[in-house]
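Report on the following structure.
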Amino acid sequence: MTTTPALHTVLGSGPAGTTLARELVRRGHPVRLVDRSGGGPAIEGVERYAADVATPDGARAAVAGAAVVYHCVNVGYHLQVEVMPKIQEAVLGA
């Protein structure tokens, strides 16, 4: 019997998220890398996905089907107080 490897979803495609996504692929995991645009350089073995994880709907869509979620989202320092609590709430609620 063959089992499908568990999907690992990485929220945030900055340096930390991108490095983590590459390492997860290297270890044989299917990976979804999420940011607001879904763009960025292609990484072999990584599914790029666009979602705004600051919203409940965006966060739910981003983590749908994932067995493991890594929160690597960051915002500019000037937005920390305004935006990060929304992201935390949406991601934890998903």
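Just so it is clear, none of the values below were taken in a lab; they were calculated from the coordinates. Just so it is clear, the model here is predicted, and its values are computed rather than measured. Note that we place each Cβ from the backbone using ideal geometry, even for glycine, and neighbour counts take in every protein chain shown.
Take every pair of alpha-carbon atoms less than 8 Å apart whose residues are at least six positions apart; their mean separation over the length of the chain yields a relative contact order of 31 percent.
Between helix 15-26 and the chain there is an angle of about 10 degrees, using the helix long axis and the longest principal axis of the Cα atoms. In plain terms, the chain from VAL83 to THR55 could stretch by 9.0 nm, reckoned as 0.36 nm per residue minus the Cα-Cα distance.
Rounded to the nearest 10 degrees, the angle from helix 80-93 to the longest Cα principal axis of the chain is 40 degrees. Ordering GLU82, GLU89 by the number of other Cβ atoms within 10 Å of each residue's own Cβ, fewest first, gives GLU82, GLU89. Equivalent-ellipsoid semi-axes for the chain (Cα gyration tensor, √(5λ), whole Å, largest first): 23, 15, 10. Counting Lys and Arg as +1 and Asp and Glu as -1 over every other residue whose Cβ lies under 15 Å from the Cβ of VAL46, the net charge comes to +1.
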